[in-house]
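Read the structure below first, then the notes.
The values are calculated or read from the model by the stated rules, or taken from the named source; none is laboratory data. The model shown is predicted, which means the values in this text are computed figures rather than measured ones. We place every Cβ from the backbone using ideal geometry, glycine too, and count neighbours over all the protein chains shown. Only protein heavy atoms, including side chains, enter the accessible area calculation; ligands, DNA and RNA are left aside. Shrake-Rupley method; radii C 1.70, N 1.55, O 1.52, S 1.80 Å.
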Amino acid sequence: MDEPIIVLEPGEWLLWSGRPQRVVPTGLEWFRLVFGTVPAAVFAVVTFPGGLTLVVLALAAVWGPVLWRLWTTHRAVYAVTDQRVVVADRVSGYTRTWMDLTTPVTSPGRGGLGKLTFHPPVVTVDIFGFGLPSRNQQRPIVLFAVPDAGGLRDLIVQAQDAD
């Protein structure tokens with residue numbers, strides 16, 4: 001598998017690029033797997049005895065999102081520039097770009113690895129004087145298993161101060 005080519009825009013500086021170092025379930029995902037598997041299987045068997053299909057669907061509902069995140073994270077390549085964040089898939093080449101480089105929220109992890117979350121600005125709609133979030137908000141971009149996440153956050157803050 002070749003690394004996808006992430007083209008820099010004119011005047012753009014690459015701050016950091018890399019891949020997730022260790023792809024494992026997060027704490028909430030472990031909770032979901034441990035405490036969701038048995039109740040989902042029991043519920044499926046009680047509601048429809050002898051229905052193996054329903055048991056498989058119930059287990060897929062518990063395990064599916066966790067396995068999907070692990071699979072997509074394993075294939076990801078990250079690039080952080082002074083203007084944007086890019087997450088590219090190593091296999092398909094699909095890229096997801098965050099055009100506004102905001103200060104990320106960092107979450108420390110084990111072994112010096114951390115998680116950076118870039119939250120979108122919340123777009124609100126004024127309804128009778130109340131600001132309500134509009135539909136179809138952009139999902140945050142999360143960089144998992146980043147070595148020295150705090151150091152990368154500091155690089156981003158320095159790049160923002162230089163602008």
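Here are some notes:
- Extended-chain gain in nm, criterion 0.36 nm per residue less alpha-carbon gap, residue 32 and residue 90: 18.1 nm
- Three-way shape label, the range 1-97, alpha-carbon gyration tensor, a/c 1.5: prolate
- Apportionment of accessible area to carbon and sulfur, the range 48-163, percent (1.4 Å): 62 percent
- Shape call, the range 83-123: gyration tensor on alpha carbons, a/c limit 1.5: oblate
- Packing, as the average of other Cβ atoms within 10 Å across residues, places the peptides 106-118, 69-81, 9-21 in the order 69-81, 106-118, 9-21, highest first.
- The mean accessible area for residues of the range 19-64, using a 1.4 Å probe and ignoring ligands and nucleic acids, is 71 Å² per residue.
- Put a dot 7 Å past the Cα of residue 22, heading toward its Cβ, do the same for residue 124, and the two dots end up 4.1 nm apart.
- Short-range pairs are left out: with C-alpha atoms under 8 Å and at least six residues apart, the relative contact order of the range 37-163 is 17 percent.
- For the range 41-163, a/c is not less than 1.5, where a ≥ b ≥ c are the root eigenvalues of the C-alpha gyration tensor, and a/b does not top b/c. That puts it in the oblate class.
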